[in-house]
Every structure is written in C-alpha cells, then in structure tokens.
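Below is one structure, written out as structure tokens, with a few remarks after it.
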Amino acid sequence: MSESSGQIKPSASSRDLKIVTETALLLGCKVYYIPQDFERCGTAENALYHIPKYPQYTAGIWVGYIPELYRYEAIYNAAKAKGIKLLNTPWQHQTALEFDLFYPLLKGLTPESIVIHSINECAKAGDLLGFPVFIKGAIQSVKTQGWESCVANNYEDLVRISKHLLTLEYGSRGRLIVRKLVSLRHNRLAPNSFPMGREFRVFIYNHRVLKYGYYWEGRDDLSKLSLEEENAVLNLAVLASERLNVPYVAIDIGQLESGEWIVIETADAQFAGFSQIPVIELWNKLKDITLEG
C-alpha cells in the first residue's frame with residue numbers, strides 16, 4: 001500500500017517513496033495506492049475501498065510518511081479486514097518508532113537518555129545527565145536545522161530547544177528525549193554544520209538482516225567497513241531487533257570516536273529512508289522472506 005503520488009511536494013522522502021513503489025511494481029508486487037490522510041476519504045475503510053478482499057491472509061507493507069498512531073491502527077485494522085496483515089502490528093509499529101518505548105529495551109546499547117514532558121523537567125534532566133546534551137522529539141529530531149537546534153550546552157539552551165520541539169507535535173507527540181551527548185567518528189559536516197557521524201542503517205525482518213547501508217548520502221571513506229566491523233555492526237543490530245521483538249525494523253548503528261559501536265535509534269522499517277541501501281536488493285530479499293511465511 002503506497003502513498004506515492006504526483007501531488008506530493010518534491011523532497012528526499014517523496015523521492016524514496018516513488019523509488020520503492022516503482023521497485024515493488026518491478027518485482028511483481030501488487031500495489032494499491034492510498035491517500036496520505038483521511039481528509040477527503042473520511043475513514044480507513046474508505047481509503048482502502050478499492051482493495052479486494054483476499055481469501056486468506058496475505059503479508060502487506062505500507063510505504064509512506066510516518067502516520068499518526070490512530071491512523072496506523074485504523075489502516076492496520078481495515079487492511080486486516082481485507083485479508084492483508086501489515087508486517088508490524090500497531091503496538092510493534094509504536095514500539096519501533098517512539099523513543100521512550102524502545103529505550104528501556106535497548107539500555108546498555110544506546111546512550112543514557114531521559115524522557116521529559118514539559119519545560120519544568122529540564123533542570124532535573126540537565127542535572128542527571130550533565131551538559132552538553134542532545135535533545136529530540138519522541139519520533140524525530142530537527143538535525144536538518146543544524147547543531148544548535150539539537151544540542152544544549154547549558155540549561156538556557158535546553159529550555160530554548162525544548163520549547164521549540166514541544167510545538168512540533170508530529171515529531172514530539174508531547175514528549176522530548178534528552179540524551180547524553182556522545183562524539184561519533186566523522187570526516188564530514190553537513191551544509192548546516194551537523195557532523196555526519198559514521199552511521200549505518202540496517203533493515204531487519206524477523207531478526208534476519210536484509211540489507212544495510214551508510215546513513216549519509218555522498219562519498220565518505222568511513223562508509224567502508226572491514227569484515228570485523230561489518231560483523232560488529234550487524235550483530236549489534238540483530239541483538240537490538242531481538243530485544244525489540246518487532247518483525248520489520250530499521251536499526252541505526254553508529255561508531256564512537258573510541259571505536260565502540262552503539263545503537264542510535266530504531267524505526268518501523270515501512271517508513272524508514274533507505275540511505276545508501278540498494279532498494280531493489282532490499283525489496284527482493286523482503287519479498288522472498290515474507291513469501292516463506
């Protein structure tokens with residue numbers, strides 16, 4: 001089920017969405033187009049009205065933009081009524097996506113973090129973690145806006161960034177994550193001066209690695225892994241997936257300047273960008289493995 005549409009504003013996300021939709025068609029998958037929201041159709045049942053009812057349950061994948069939780073649940077149930085089971089249940093989708101849900105499962109594998117719900121909690125978070133800290137919403141950060149939009153060097157910075165993030169309901173869902181700042185190994189800075197850390201995205205289905213690739217676009221000598229490094233990255237990603245117990249998940253693994261590998265964050269892979277991963281190879285493996293049952 002794809003949200004790809006010629007009416008979507010051009011962006012890196014819309015480009016990925018178009019590519020994955022075309023790839024699914026090329027591989028012989030049945031593709032049904034669905035709207036991005038319920039504004040015109042009203043309900044999930046109306047959004048899926050054109051999809052026939054399958055006589056037995058068939059695996060389904062939703063590709064699009066990160067939906068609000070109520071919408072994911074509604075589409076999941078409407079699809080299930082049609083005999084289509086999305087790879088992740090609503091709870092699994094939420095667990096992979098919302099930091100405060102996956103963090104307790106990944107303690108020891110990812111930097112120490114604290115969840116806050118209001119500006120009043122900033123002082124306590126700063127005291128517990130010490131400055132500087134990295135701060136993001138429960139769903140997304142605003143690293144595209146630069147280092148100063150994500151990193152607080154003192155209490156005043158933390159309050160300033162928190163106030164802004166709490167206005168971004170889509171990315172925060174009313175919660176903020178204050179993280180102990182770590183230094184990732186890097187060679188490059190993004191145009192907004194954000195360090196492009198040595199980071200890899202790993203797509204996993206039922207604890208089996210499908211494909212992985214360098215997180216950042218462009219040429220970078222740090223994108224090349226030795227066999228030992230590759231084993232470390234993939235083993236850590238699989239361990240994280242086992243702790244999460246989410247069938248289709250994307251795990252981001254980064255390397256500290258010390259050489260240690262850590263989990264950065266996770267996502268429902270249905271809505272994750274592909275970074276430098278060859279989409280046709282990923283989907284070819286995903287198609288084969290889901291057909292295995």
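Using a 1.4 Å probe on the protein chains only, how many percent of the accessible area of the stretch 131-258 belongs to carbon and sulfur?
Here carbon and sulfur together make up 49 percent of the probe-accessible area.
Taking the simple approach of a point 7 Å from Cα along Cα-to-Cβ for both LYS180 and GLU228, what is their distance in nm?
About 2.6 nm separates the two model spin labels.
Assigning unit charges at the beta carbon (Lys, Arg +1; Asp, Glu -1) and nothing else, what dipole magnitude in debye, to the nearest 20, does the chain show about its Cα centre?
Values: 31 positive and 33 negative charges, 120 e Å.
For the chain, the charge dipole is close to 580 debye.
Give me the base-10 log of I(q)/I(0) for the stretch 72-123 at each q in 0.20, 0.21, 0.24, 0.25 Å⁻¹, Debye formula, one uniform scatterer per Cα, rounded to two decimals.
Rounded to two decimals, the profile gives -0.77, -0.80, -0.89, -0.92.
How much length would be gained if the chain were fully extended between GLU217 and HIS50, taking 0.36 nm per residue of separation minus their Cα-Cα distance, in nm to one decimal?
56.4 nm
In what sequence, largest accessible area first, do LYS180, LYS124 appear using a 1.4 Å probe?
Accessible-area ranking of LYS180, LYS124, largest first: LYS124, LYS180.
Bins of 10 Å, beginning at zero and ending with the bin holding the largest distance: percent of Cα pairs per bin for the chain, please.
6, 26, 35, 23, 8, 1
For the pair ASN154/ALA81, report the inter-label distance in nm, with labels modelled 7 Å from Cα in the Cβ direction.
Going by the 7 Å Cα→Cβ label model, 5.7 nm.
Which distance in nm do the two modelled labels at LEU26 and CYS41 give, with both placed 7 Å along the Cα-to-Cβ direction?
2.6 nm
On a C-alpha basis, how far is the centre of the stretch 137-160 from the centre of the stretch 199-219 in Å? Whole number, if you could?
Answer, in whole Å: 26.
Lysine pairs in the stretch 17-146 with alpha-carbon atoms under 19 Å apart, 8 or more places apart or on different chains: how many are there?
Going through the stretch 17-146 pair by pair, I get 10.
Mean-square fluctuation check for the chain, GNM, Cα pairs under 10 Å: which of LEU86, LEU282, LEU189 is largest?
Among LEU86, LEU282, LEU189, the largest GNM mean-square fluctuation belongs to LEU189.
Most mobile of THR95, THR144, THR23 per a Gaussian network model of the chain (Cα springs, under 10 Å)?
So, out of THR95, THR144, THR23, the one fluctuating most is THR144.
For the chain, give me the percentage of DSSP beta bridges that are antiparallel, rounded to the nearest 5 percent.
Looking only at bridges with both residues in the chain, the antiparallel portion is about 85 percent.
For the chain, what is the accessible area per residue in Å² when the probe is 1.4 Å?
Per residue, the chain has 49 Å² of solvent-accessible surface.
Kindly give the semi-axes, whole Å and largest first, of the ellipsoid equivalent to the stretch 30-172, taking each as the square root of 5 times a Cα gyration tensor eigenvalue.
The equivalent ellipsoid of the stretch 30-172 has semi-axes of 38, 16, 11 Å.
Jot down the per residue volume, in cubic angstrom and as a whole number, of the convex hull over the alpha-carbon atoms of the stretch 133-261. Please report the intermediate quantities before stating the final value.
Details: hull volume 15.7 nm³, N = 129.
Convex hull of Cα atoms, per residue: 122 Å³.
Are there any helices in the chain, counted as whole DSSP H runs, that stretch 15 Å or more along their axis by Cα and score at least -1.0 on average by Kyte-Doolittle, and if so which?
Those that clear 15 Å and a mean of -1.0 are 12-26, 69-81, 155-166, 227-244, 279-291.
The values are calculated or read from the model by the stated rules, or taken from the named source; none is laboratory data. These numbers were taken from a predicted model, which means no experiment stands behind them. Note that each Cβ is placed from the backbone with ideal geometry, even for glycine, and that neighbours are counted across all protein chains shown. We work out accessible area using only protein heavy atoms, side chains counted, and drop any ligands, DNA or RNA first. Shrake-Rupley method; radii C 1.70, N 1.55, O 1.52, S 1.80 Å.
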